[in-house]
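Everything below concerns the one structure shown next.
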Amino acid sequence: MAWGSMEDFEPCDDDFDFDDFVLFRQPGVNPNKKRKAEVHRDRSMVDVSGAIEYSFGVSVRLAQGRQKQKPDEQVAGLKYFLKVWRTELPWIKRRPTAGPFTHCGLCDYLKWQIGSCSDKGLRQKLQGILGEHFQFQAAQRVAMSQIFRESEEHPEDVLAVAWDKMDQAKTIVPRVVRLANTQFMKGGSRLVVSLIGVLAPALFKQPLVYTILEDQTHGGDMIASMMIDILQEAAAIRGELPSRLFIQADNTVKETKNTICLFAAAWLLAQLKGTRLQSIEFGYLVVGHTHDLIDAMFAYISKALAGRDFYSLEEMISILQRVMKSPPFWKHLRDVYAFKDAQPEKLSSKRVTGVTQPNNVRIFWGKDGSILVQSKQWLTSPDWGEAMVLVEQCDIQQLTQLYPDIVQPDWEEGFERRSAAWFKKLGDLLLCL
């Protein structure tokens, strides 16, 4: 197909493929000036004046005429096709390719410069820089993979855990597929379920899925509470704690990359003083390049739930455990601890700064009995930076006496009343069917 100018064009999603169209050349357009089209799969319906035949069965005629097969060289170019699309079929919209995930700023900038650069030498230089950047972020993944491999081989020395949160819009309870796009369902006071995927190969061969509702606080308190629960699981399964806990988390300040999680890690070390646990380490991939096996698991979860109705959280999880080839374990995170409220000023963001910059941070016991913090810019950086005192030896005893309160579940004001009324309407509707 002669694509022509690409200024206004972005690739379509998998369900909307240009190879599924039968296109025709505008009279007067010389096909020899453009690259010839590839043979399309479906040429069953053709109109003399031009028709667009969709592979999924929608036929739109632009003019009445005799049906006839057109030769391959008379396939329309992209410019004419887009003009016909805008003029004759304005109600057919293409889903944007941009997703909700954060892009790598350097990648997007270099691609933008490469696309707008007319100098061949400069373009090749920019492509080389982009290639080096890809190799760099790939090296971070390799370094992360080596830690997880070490954890599988020596789980008593290092326990590697990865976690991430799934898009909440895909796990709202209840779901009735045939009513999904109605105002009744979209505007209903349903339960928004946050789903957190956890991979710990040294503990579970299958993924672990945590769920938490909107009646609980999220952010750093949620992550710190989950860290405690995972350590409890490790102790129950293996009968001992690891000497090093390594956590791969999403590169976001809102949840893990903050002083709340640093305080929680220091608090855990103080509470578990005298056990095998000597250090807690956080590792992060490059921003914009954080998709990994957990995101692949989320794709399988979306596929398992696609086209299926469920009316409760338990029913949603039951579908996953029945349909997925590697069914997940499920835990609902009921107890969330208020680490943010219990955080001493010495360990708050007022005193501890620069937490968001490094991509590898560890908290560990010093030889003098204090708790130290150390960081590296990248997972592949050869040397750790200077160790700094996070908790003085004289403050350890005070830290062990801190016990964060359990956050009491609390729905948004009026939610329970609105939700009960909406569920009553849904129940009446289902009884009428």
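Across the range 157-423, Cα pairs under 8 Å and at least six residues apart give a relative contact order of 23 percent.
You can think of it this way: the chain between Glu156 and Thr356 has 69.0 nm of extra reach, that is 0.36 nm per residue less the Cα-Cα gap.
Nearest 0.05, what FRET efficiency do Lys303 and Val192 give at R0 = 30 Å with Cβ-Cβ as r? Step by step, r from the Cβ atoms, then E = 0.90. Extension gain for the segment Trp85 to Arg238, taken as residue separation times 0.36 nm less the Cα-Cα distance, is 48.9 nm to one decimal. Going through the range 153-234, which trypsin sites (Lys or Arg not before Pro) have at most 10 other Cβ atoms within 10 Å and a DSSP loop state? Loop-located and lightly packed - Lys205.
The length gained on full extension between Gln206 and Thr102, counted as 0.36 nm times the residue separation minus their Cα-Cα distance, comes to 34.6 nm. For the range 298-356, the set of trypsin sites (Lys or Arg not before Pro) satisfying both a DSSP loop assignment and a count of at most 15 other C-beta atoms within 10 Å is given as Arg308, Lys325, Arg334, Lys350, Arg351. The smallest convex shape that holds all Cα atoms of the range 157-423, its convex hull, gives 143 Å³ per residue. Would you list, by chain and number, the lysines whose Cα falls below 18 Å from the Cα of Lys83, excluding same-chain residues fewer than 8 positions away? Within the straight-line cut-off, Lys83 pairs with Lys34, Lys93. The trypsin sites (Lys or Arg not before Pro) found in the range 217-265 that occupy coil by DSSP, while having at most 13 further C-beta atoms within 10 Å, are Lys254.
Here's the list of lysines a cross-link from Lys125 could span, going by alpha-carbon distance under 21 Å and ignoring same-chain residues fewer than 8 apart: Lys111.
The label-point distance for Gln113 and Thr400, in a model that sets each label 7 Å from Cα toward Cβ, rounds to 5.5 nm. The calculated FRET efficiency for the pair Gln278 and Ala139, based on their C-beta separation and a Förster distance of 22 Å, comes to about 0.20.
Since every read-out is calculated from the coordinates, none of them should be taken as a lab result. Everything numeric in this text was worked out from a predicted model, so none of it was measured. In this analysis, Cβ positions are derived from the backbone assuming ideal geometry, glycine residues included, and neighbour counts consider all displayed protein chains.
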